[in-house]
Amino acid sequence: MHIQERIKRAQAFMGLSDSEMAAELEMGECEYLERVERAGSEFCQVLNSVFGISLSFLLEGTDPLFDWRPLPVSDILRFRDERNWKQFHTPKDLAISITLEASELLECFQWSAEDLEVEEKRAAMEEELADILIYAVSFADAIGADIPSIIRDKLKKNGKKYTVGRSWGNATKYTDFEEEL
């Protein structure tokens, strides 16, 4: 697969048309298509910085597809505010909603033999996961939490509990590590 095909694959994954990609890059559609056609490392850098498409994916075809992708937090909050729903979004009710949506995600696996039917239910799983993430963003807003900061802090904390040396290929909970020694 060539760079141009990888760009189109990432674009399709994001669900953006050529004109939408061009608009995000602040250029015309014709210019965007020309840049894609003669794409090199410089244009790939631009795609990485604007859309988070991984340079290793664009240049070498290796995973992951994205280094980072911004959550559409402002879209979620605007959707809520346009409907005057913030008044109902208390931390308690949002926590309940997250749990209910997580249960609906789990329902996708009910009565299935292990994970054999995962692809058949992918659309339903994505929809439930979107609901969970939307409620999680709303919850973060309700309690005044900065999502990137709390994720970074939690990863740091988990890094101390689950060191690579102890956790590599091991699903043991950190509290049980002492028993393994």
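Any read-out appearing in this document is the output of simple, stated calculations on the displayed coordinates, not a laboratory observation. What you are looking at is a predicted structure, and each value in this text was computed from that prediction instead of being measured. Methodologically, a virtual Cβ is constructed for each residue, glycine included, from the backbone with ideal geometry; neighbour enumeration extends over all protein chains shown.
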| query | SER74 versus ASP153, label points 7 Å from Cα toward the beta carbon: distance in nm? | reply | 2.5 nm
| field | the chain, relative contact order [Cα under 8 Å, separation at least 6], % | value | 14 percent
| message | What is the angle, in °, between the Cα long axis of helix 147-161 and the longest principal axis of the Cα atoms in the chain? Nearest 10 is fine, range 0 to 90. | response | 60 degrees
| Degrees, to the nearest 10: 41-51 long Cα axis against longest axis of the chain | 40 degrees
| request: On a 0 to 90° scale, report how tilted helix 73-82 is relative to the longest principal axis of the chain, with both axes built from alpha carbons and the result rounded to the nearest 10. | output: 80 degrees
| request: Could you work out the relative contact order of region 73-164, using alpha carbon pairs under 8 angstrom and six or more residues apart, expressed as a whole percent? | output: 37 percent
| query | Given the Cα-Cα distance of GLU34 and LYS8 and 0.36 nm per residue of separation, how much length would full extension add, in nm? | reply | 8.0 nm
| said: Within the chain, count lysine pairs with alpha carbon atoms under 24 angstrom apart where the residues are 8 or more positions apart or belong to different chains. | reply: 6
| note | The simple spin-label model distance between LEU16 and LEU106, using points 7 Å out along Cα→Cβ, in nm, is 3.7 nm
| query | Taking the Cβ-Cβ separation of LYS86 and ALA123 as r and a Förster radius of 22 Å, what is the calculated FRET efficiency to the nearest 0.05? | reply | 0.15
